[in-house]
Amino acid sequence: MIIQRGFKTELELNNRQRTLYRKHAGCARFAYNWGLRRKIETYKLTGKAPNAMELHRELNQLKLGEFSWMYEVSKCAPQESLRNLDKAFEHFYRRLKNGQKPGFPKFKSKKQGLGSFRLTGKIRVFEHFIQLPRLGRIKLKEQGYLPSKSNRVHILSATISEKAGRWFVSLQVREEISVPKNVGPIVGVDLGINRLATISDGSVIENPKALKRYGRKLKRFQRYLARKQKGSRNWEKAKRRLQRLHVQVTNIRRDVLHKTTTMLAKTKSIIVIEELNMSGMLKNHRLARSLADVAFFTFRSQLEYKTKWYGSQLIIAPRFYPSSRCCSKCGNIKEKFSLSTRIFRCEKCGLLIDRGMNASYNLETVTTSSMETENAWSETGGNSLLAVPVDETGTEQRIIQFS
Ligand SMILES: [Zn+2]
């Protein structure tokens, strides 16, 4: 099977490289904004907007004159940027056609950060560094993670981005993989707030301890920022500090999520998780809950593509399936079961069990559930079993953690 996937990792830049990268990102942003302006202007005059190729030709002419500074950066940066602009318009028209809120492409502001740029062409990966056109060799913070070119791996592009002062490369590759035959067990997986995941084979995956510590720190930093006068130097400083912490938290979370989903997709044949309630997600303002929801969303999308790679299958339990409220031993369903209660106690059969474990047992039985249990919840609006389509491209991301 041929798949397209991404690998993202951090770069270690020296001062000279950092300047050069800033120039590339600046040039990409400039080209995007210039192209957007040209599209709008031309459309107003002629009723038709130029596409990326036409804009690129025009830009090349301008490079001979007033835009000659653009020769300092790789020609890919503005070119790919104009392609992105075309994509943004495609997206806009698609949404317009489907009657969704369209979202006209916006000008990019430096206030949103330095942004990113994409390079194509001769990209080579070595153990300690990556070689990019025009930018030369750049050290990688993590060695041996990025795949190098081989007869099974074809490197398509590299996107360089900046976040809170750190630089990353995301490598898009086309890869030929052989999907193994997965003979692992069927498991139900319950995702929680306090605990990342409870698996019906009896194992438990805790949230990294660092997250709790960072959670408290986040609150403190947010309070601190709120007390500063907006726009002042101290406010800027506090904001940067908060952003950096956000990035750290995201990375730790992503790392543990990737490890867990890879382990599940590799070693289990069928994985059952519950449906995420999107409307409930938007209503909830509690930090812990909202973070857990984001984690759930990521968890699911990772499983969607990884199960495809490793020959396993993901099943989403029907919406409103009472995985937490149902007794995994006798099937008795509780009317109400508070989110904060950690132990499940069945009034009917006396079962006393960890909340997550009980839910994971119930999820596991979704694949084999009889009509009886199906009827029990269908009254509440459940629909038939839904195997999720798995055709998304995943970008796996591994970033070294800082403590
Ligand atoms: Zn019971």
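What follows is calculated from the coordinates using simple rules that are stated; it is not laboratory data. Values in this document were obtained by computation on a predicted structure and should not be read as measured data. Glycine gets a Cβ as well: all are built from the backbone with ideal geometry, and neighbour counts include every protein chain shown.
Amide hydrogen proximity for residue 129: with H placed 1.01 Å from N in the peptide plane, the residues at 5 or more positions away or on another chain lying under 5 Å are 140. Residues in the range 48-60 carry Karplus couplings, in order, of 9, 9, x, 8, 4, 5, 5, 5, 5, 4, 5, 5, 4 Hz; the curve used is 6.51 cos²θ - 1.76 cosθ + 1.60 with θ = phi - 60°, and Gly or Pro positions show x. Residues whose amide H lies under 5 Å from that of residue 354, counting only those 5 or more places away or on a different chain, are 344; hydrogens are built 1.01 Å from N in the peptide plane.
Here residue 336 and residue 42 are evaluated by their C-beta separation; at R0 = 60 Å the FRET efficiency comes out at 0.50.
Among 168, 297, 104, the largest mean-square fluctuation in a Gaussian network model of the chain (Cα springs under 10 Å) belongs to 104. Along the range 63-71 the Karplus relation, 6.51 cos²θ - 1.76 cosθ + 1.60 evaluated at θ = phi - 60°, assigns HN-Hα couplings of 5, 5, x, 5, 9, 4, 4, 5, 5 Hz to successive residues, with x for each Gly and Pro. Along its first, second and third principal axes, ordered by size, the chain spans 83, 54, 49 Å in Cα coordinates.
What translational diffusion coefficient, in µm²/s and rounded to a whole number, does the Stokes-Einstein relation yield for the range 200-277 at 20 °C and a viscosity of 1.002 mPa s, taking the hydrodynamic radius as the Kirkwood radius over Cα pairs? Intermediate results must be reported in sequence, preceding the final value.
Numbers: Rh = 15.3 Å.
The estimated diffusion coefficient comes to 140 µm²/s.
Residues whose amide H comes within less than 5 Å of that of residue 337, counting only those at least five positions distant or on another chain, are absent (H built at 1.01 Å from N in the peptide plane).
Subtract the Cα-Cα distance of residue 224 and residue 14 from 0.36 nm times their separation in residues, and report this length gain in nm to one decimal.
Values: separation 210, 0.36 × 210 = 75.60 nm, distance 3.22 nm.
Length gained between residue 224 and residue 14: 72.4 nm.
Multiplying the residue separation of residue 111 and residue 124 by 0.36 nm and subtracting their alpha-carbon distance yields 1.5 nm. Loop-located trypsin sites (Lys or Arg not before Pro) in the range 146-193 (DSSP state other than H, G, I, E, B) with a sparse environment of at most 16 neighbouring Cβ atoms within 10 Å: 149, 152, 181.
In this structure, the residue pairs whose Cα-Cα separation is over 22 Å, taken from 209/329; 217/306; 219/239; 39/163; 8/239; 306/329, are 209/329; 217/306; 39/163; 8/239; 306/329.
Note on the range 17-112: the C-alpha convex hull projects to 7.1 nm² when averaged across all orientations. Among the listed pairs 48/97; 108/149; 141/268, give every one whose C-alpha distance is greater than 27 Å. With Cα atoms farther than 27 Å apart: 108/149; 141/268. Each residue of the range 220-228 was assigned a 3J(HN,Hα) from its phi angle through the Karplus curve 6.51 cos²θ - 1.76 cosθ + 1.60 (θ = phi - 60°); the sequence is 5, 5, 5, 4, 4, 5, 5, 7, 7 Hz, with glycine and proline shown as x. Placing R0 at 25 angstrom, the Cβ-Cβ distance between residue 104 and residue 235 gives a FRET efficiency of 0.20 after rounding to 0.05.
Considering only 26, 103, 215, the mean-square fluctuation computed in a Gaussian network model of the chain, springs between alpha carbons under 10 angstrom, is largest for 103.
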